[in-house]
Structures are given as C-alpha cells and as structure tokens.
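For reference, the structure is listed below as structure tokens.
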Amino acid sequence: MIIIVEGVDCGGKGWMAERLLKRIPNCYYIKHGNRPMDSSEGEIAKLQASYKTMLKTYYQAIQPMGGTLIMDRFYQSELVYGSMIRGYDPYSDGFYKELESRVRHEPHLYLEIFAEEGDILKRMEIKGEDYLKQEMVPKIMKGYLDYKANHCTLNSLRVRSSEANVNGIVEKYASTI
C-alpha cells in the first residue's frame with residue numbers, strides 16, 4: 001500500500017507519518033525534501049526524477065514484500081506549491097497526471113493533514129521555518145483544498161494530526177495494510 005501524507009508546512013504531516021510508521025507492520029518511510037527554488041527545466045527534471053525514484057522504490061522493494069510505503073510529501077506538493085512559489089503551472093504537465101494514474105491503480109491512501117492557520121504560524125515560528133512565508137499559508141491551504149476538490153482522483157482523507165485519527169486510519173485500512 002502507498003500512503004501519501006501531504007499538507008501545508010508545519011501542519012503536522014511528519015507527526016502523523018511517524019505515528020503511522022510505528023503502527024503499521026512492514027512499513028517504510030520516505031520524507032521528500034527536494035525544494036526547487038525556480039521553475040527551470042533542470043530543477044523540474046530533478047524534482048520529477050525524485051518522484052519517479054520514490055515510486056520505483058515502492059514497486060521494486062516494498063510492494064513485492066506486501067509492505068506499505070509512507071511518503072511524507074509527494075507530487076501533490078508540487079501541484080500546490082509550484083504555481084505559488086515558482087510561478088509555473090504544474091497542472092498543465094502530463095507527468096503529474098501519469099503519476100496519479102499509477103498510484104490510483106495501487107492500494108493507496110492520500111492523507112491531507114491540516115491544522116488551523118494560527119497553529120501553523122506558531123509552529124513555523126518555533127521551528128524557524130523560512131521556506132514558506134507566513135502570508136502564503138492561507139493560499140497554500142486553499143491550494144490543497146483546490147487539489148482535493150478539483151484534481152484529486154485518489155482515495156483521500158482530510159484529517160488533523162491526532163492519536164484518534166492515527167487509530168482510525170489504522171483500523172479502517174487494516175485490511176489493505
């Protein structure tokens with residue numbers, strides 16, 4: 001199974017991914033940290049190569065063993081952040097539709113982790129987050145809602161990071177995990 005954990009920076013993705021990792025047997029975790037700073041062909045090519053590698057890891061090493069791969073960020077980040085941070089339209093790139101189609105044909109779950117804007121801003125301050133400017137937080141939050149409402153074809157849940165939600169996800173998806 002593939003579990004994609006997404007959402008705005010400092011929203012609780014890492015916390016949720018780590019808790020799921022501890023609860024799901026035969027589970028592996030990849031945290032995607034590639035943050036291209038511009039929309040040059042070279043930067044986008046590196047980003048897309050990293051997404052291919054993540055999926056290849058699943059197909060070659062994890063799926064054959066019946067394991068689960070948790071991805072802390074995947075291509076959805078680029079769909080949301082790409083136009084706002086780098087000024088290009090990743091939705092017009094067929095690469096992302098192809099990735100979504102491949103994931104859709106595997107046992108999967110797309111988790112959008114969300115928090116209140118004020119909580120996100122407090123966490124950004126505590127962590128010293130400087131990639132995402134505070135004034136961008138509401139736009140990024142709206143971008144994830146837009147992705148889910150208008151573009152996402154995956155099995156998806158929008159949840160807060162909490163023990164209750166970890167328990168609920170593990171219980172609900174135990175038969176596919």
Checklist entry - Contour minus end-to-end for T153 and K122, with contour as 0.36 nm per residue of separation and end-to-end as the Cα-Cα distance? => result 7.9 nm
Next on the checklist: Amide H of I2 versus every other amide H placed in the peptide plane: which residues, excluding those fewer than 5 positions away on the same chain, fall under 5 Å?
Outcome noted: L69, H108, L109
Item to check | Positive minus negative residues near V170 (Lys, Arg vs Asp, Glu; Cβ under 15 Å) | outcome: +1
Checklist outcome for this item: GNM of the chain, Cα pairs under 10 angstrom: of N150, N26, N34, the biggest fluctuation goes to N150
Checklist entry - By DSSP, what percent of the beta bridges with both residues in the chain are antiparallel, rounded to the nearest 5? => result 0 percent
Checklist entry - Given a 1.4 Å probe and the protein chains all in place, what does the accessible area of T53 round to, in Å² to the nearest 10? => result 80 Å²
Checklist entry - Mind checking which of K148, K122, K13 has the largest fluctuation in a GNM of the chain, springs on alpha carbons under 10 Å? => result K122
Next on the checklist: Quick check: residue separation of V170 and K133 times 0.36 nm, minus the Cα distance between them. What number comes out in nm?
Outcome noted: 10.0 nm
Next on the checklist: Rounded to the nearest 20 debye, what is the charge dipole size of the stretch 1-159 about its Cα centre when +1 sits on each Lys and Arg Cβ and -1 on each Asp and Glu Cβ?
Outcome noted: 540 debye
Checklist entry - Contour minus end-to-end for N26 and E106, with contour as 0.36 nm per residue of separation and end-to-end as the Cα-Cα distance? => result 27.1 nm
Next on the checklist: Could you work out [θ]222 nm for the chain from helices alone, using -39500 (n - 2.57) per DSSP H run of at least four and dividing by all its residues? Round to the nearest 500 deg cm²/dmol.
Outcome noted: -14000 deg cm²/dmol
Checklist entry - Shape of the chain from its Cα gyration tensor (a ≥ b ≥ c, root eigenvalues): rounded if a/c is under 1.5, otherwise prolate when a/b > b/c, or oblate? => result oblate
Next on the checklist: Past 26 Å, Cα to Cα: identify those pairs from K52/K133; K122/K172; K31/K52; K13/K52, in the order given.
Outcome noted: K52/K133; K122/K172
Checklist entry - So, in Å, what gap is there between the alpha-carbon centers of the stretch 19-72 and the stretch 77-102? => result 16 Å
Next on the checklist: Can you tell me, using C-alpha contacts under 8 Å and at least 6 residues apart, the relative contact order of the stretch 1-136 as a whole percent?
Outcome noted: 44 percent
Item to check | Within-11-Å neighbourhood charge of E112 [Cβ basis; K, R +1; D, E -1] | outcome: +3
Next on the checklist: Just to be sure I understand the model, the point goes 7 Å from the Cα along the line to the Cβ. What's the resulting E98 to T53 distance in nm?
Outcome noted: 1.8 nm
Checklist entry - When the chain is modelled as a GNM with alpha-carbon springs shorter than 10 Å, which of D146, D119, D130 fluctuates the most? => result D130
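The values are calculated or read from the model by the stated rules, or taken from the named source; none is laboratory data. All values derive from a computational prediction rather than experimental measurement. Neighbour counts run over all protein chains shown; Cβ positions are idealised from the backbone, glycine included. Surface accessibility is based on the protein's heavy atoms, side chains included, excluding ligands, DNA and RNA. Shrake-Rupley method; radii C 1.70, N 1.55, O 1.52, S 1.80 Å.
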